[in-house]
Every structure is written in structure tokens, then in C-alpha cells.
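Read-outs: derived from the displayed coordinates by stated rules, not from any lab. What you see is a predicted model, and the numbers here were worked out from it, not measured in a lab. For neighbour counting, all protein chains shown are included, and Cβ atoms are generated from backbone atoms with ideal geometry for every residue, glycine included.
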Amino acid sequence: MPRDVTLLCRQPVEIRDVAEALLMHDETWGVRALDDGPVLQVCRDATHPVLTVLGVRRVDAFDEVERILPEAPTLEVPLWWVDVVTPAGPDGESGISAALEAAMDLDAVCLVHGD
């Protein structure tokens with residue numbers, strides 16, 4: 001079953017910034033656009049995605065974060081909410097590791113759902 005990951009970034013980011021930070025985990029990975037570009041998939045090869053970055057949204061009210069993610073630490077707003085999905089299995093585990101590492105580069109908090 002796929003797993004959801006949320007990155008809460010303290011600085012402005014765009015979807016491409018997130019993908020580039022994720023690629024730092026493994027220099028052999030690549031990126032492809034889905035749905036004509038608004039969704040980016042980070043893949044270890046042409047048939048094995050490790051993460052799908054669904055989008056970035058600016059959040060101006062922390063109570064909205066608390067409502068949806070009560071486990072999130074309190075952060076100053078504005079912040080940038082990034083939705084990511086990883087596949088089940090070893091590729092997904094690699095994706096989660098990449099998301100945790102990318103969070104450091106993006107000055108973000110990484111929440112892995114379903115742990």
C-alpha cells in the first residue's frame with residue numbers, strides 16, 4: 001500500500017525545488033512529469049518510481065495544519081505544504097529515506113504517515 005509523506009517547508013519552495021532535493025539522495029535517479037507537468041515523479045529507472053510529488057501549497061494559518069495533521073509540530077506561517085506519495089516495498093522505503101534527507105535541505109519537517 002502506498003504511503004503518504006508531508007513536508008512542511010519553512011521557506012518558499014516550488015515542486016521542482018522539492019524534486020531536486022529528493023534527487024540528492026541518489027544521483028542515478030531521474031525525474032519525469034505526470035499530468036502535463038503539475039505532478040513530478042522521482043524514479044530509480046523508467047519503471048520504478050520511488051516518490052511522486054503531488055504539489056506544493058502555501059499555508060497562511062497554522063490552525064489549518066493542526067486540523068489536518070494534529071501530530072505536526074507548531075511552525076510559524078507562512079509555510080509551504082508538500083504532498084508526496086511513495087509506493088509500497090523497497091522502492092517506497094528508499095523514497096521515504098530521500099524525503100527525510102530532503103527535509104533537511106529544504107528546512108522542512110517531514111511527516112511520514114502510517115508509521
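Observations on the model:
- Spin-label zone in region 55-89 - amide nitrogen under 18 Å from a point set 7 Å from the Cα of R44 along the C-beta vector: 85-89
- Length gained when the stretch E64-E93 is fully extended (0.36 nm per residue, less Cα-Cα span): 7.6 nm
- Legend: calculated FRET efficiency, V112 to D36, from the Cβ-Cβ distance at R0 = 25 Å, rounded to 0.05, equals 0.30.
- Cα-based Rg and Dmax for the chain, where Dmax is the largest Cα-Cα distance (Å): 13.4, 40
- Its DSSP H runs of at least 4 residues, each contributing -39,500 (n - 2.57), put the calculated 222 nm mean residue ellipticity of the chain at -8500 deg cm²/dmol, to the nearest 500.
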